Amino acid sequence: MCGLNLEGGRFVAYLFMMIVCFWLALGVAEFFAFVSPNEKLAQAYFSTCLTVFTLFAGFLITKENIPDWWIWLFYGNIIRYPLNFFLDNELRGLEFKCPGNEGAVPVRLQDSYVDGGQTIQCDESQLNNPFCFRFACPITEGEDILDDFGVNEGIGVYIGVTIALLVALRVANIIAFTKINWVQK
């Protein structure tokens, strides 16, 4: 219906990771609630944190463009691993086609050619001339997209790191809940 991969195993993996993402997001919200003296500060910290994580997840700012002193935000990113899981789960093994050249890119075959003693210039007016241009799909496999964004660690790594981040966040929440008390006596 919405174009997702129809394999049952991939759907179950998708549902599993959605549940883990729910608990991860809840853990982040709880963490900021525990370490903040009031609700307004917690909301400000939470939104700022998620904005920074979104920027450094590898899609808005790619890994190659992240300065060395900020690369830890790429590797310790709570958004990156679930997002990469969803991309890998959905796109790996997928094939793309450009029926009727929809979405295809024109590729110039030659600058000009001679047809019956007349020289034909291959410019934009000749886009439908098969002697001047052919159309090619810019993306033919899901792996092309995964490679472009550096999504190559594997689903197991994404699941493992996401669960490890969830457990670490829960431990931090327990510590923050038991050690921080904002109530004045």
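Of note:
- Charged-residue dipole, Cβ positions (Lys, Arg, Asp, Glu), the stretch 1-82 about Cα centre, Debye nearest 20: 60
- Within the stretch 1-59, none of the chymotrypsin sites (Phe, Trp or Tyr not before Pro) combine a DSSP coil assignment with at most 13 other C-beta atoms in a 10 angstrom radius.
- Fraction of the pair-distance distribution of the stretch 124-182 above 19 Å, Cα-Cα pairs, percent: 65
- Heavy-atom surface of the stretch 46-185, accessible at 1.4 Å and reported per residue (Å²): 65
- Rounded to the nearest 20 debye, dipole of the stretch 73-130 from Cβ charges on Lys, Arg, Asp, Glu: 320
- DSSP-loop trypsin sites (Lys or Arg not before Pro) across the stretch 31-108, with at most 12 other Cβ within 10 angstrom: 97
- Neighbour count of at most 15 Cβ within 10 Å plus DSSP loop: longest GluC sites (Glu not before Pro)-free window in the chain: 8-101
- Think of the stretch 1-124 as a dipole: +1 on every Lys or Arg Cβ, -1 on every Asp or Glu Cβ, centred on the Cα centre; then among 55, 35, 73, 35 lies furthest on the positive end.
- When only the Cβ of Lys, Arg, Asp and Glu is charged (+1, +1, -1, -1), the dipole of the chain relative to its Cα centre reaches about 1180 debye.
- Calculated FRET efficiency, residue 177 to residue 68, Cβ-Cβ distance, R0 = 25 Å: about 0.10 to the nearest 0.05.
- Report summary: the helix-based calculation at 222 nm, which adds -39500 (n - 2.57) for every DSSP H run with n ≥ 4 and divides by the residues of the chain, gives -17000 deg cm²/dmol.
- Annotation note: chymotrypsin sites (Phe, Trp or Tyr not before Pro) in the stretch 96-185 located in DSSP loop regions with a Cβ neighbour count of at most 11 within 10 Å are 182.
- Element breakdown for the chain at a 1.4 angstrom probe: carbon and sulfur atoms account for 64% of the accessible area.
- For residue 13, net neighbour charge (Lys/Arg +1, Asp/Glu -1) across residues whose Cβ lies under 14 Å away: -1
- For the stretch 126-135, Karplus couplings with θ = phi - 60° (6.51, -1.76, 1.60), whole Hz, Gly/Pro x: 9, 4, 8, 7, x, 7, 9, 9, 10, 9
- Shape descriptor for the chain: Rg over Rh equals 1.20 (Cα atoms; Rh from the Kirkwood inverse mean 1/r).
- Computed on the Cα trace of the stretch 102-147, the radius of gyration divided by the Kirkwood hydrodynamic radius gives Rg/Rh = 1.18.
The values are calculated or read from the model by the stated rules, or taken from the named source; none is laboratory data. Here the structure is a predicted model, which is why all the values come from computation and not from measurement. Glycine also receives a Cβ, built like all others from the backbone with ideal geometry; neighbour counts cover every protein chain displayed. The accessibility values were calculated without ligands, DNA or RNA, using every heavy atom of the protein model including side chains. Shrake-Rupley method; radii C 1.70, N 1.55, O 1.52, S 1.80 Å.
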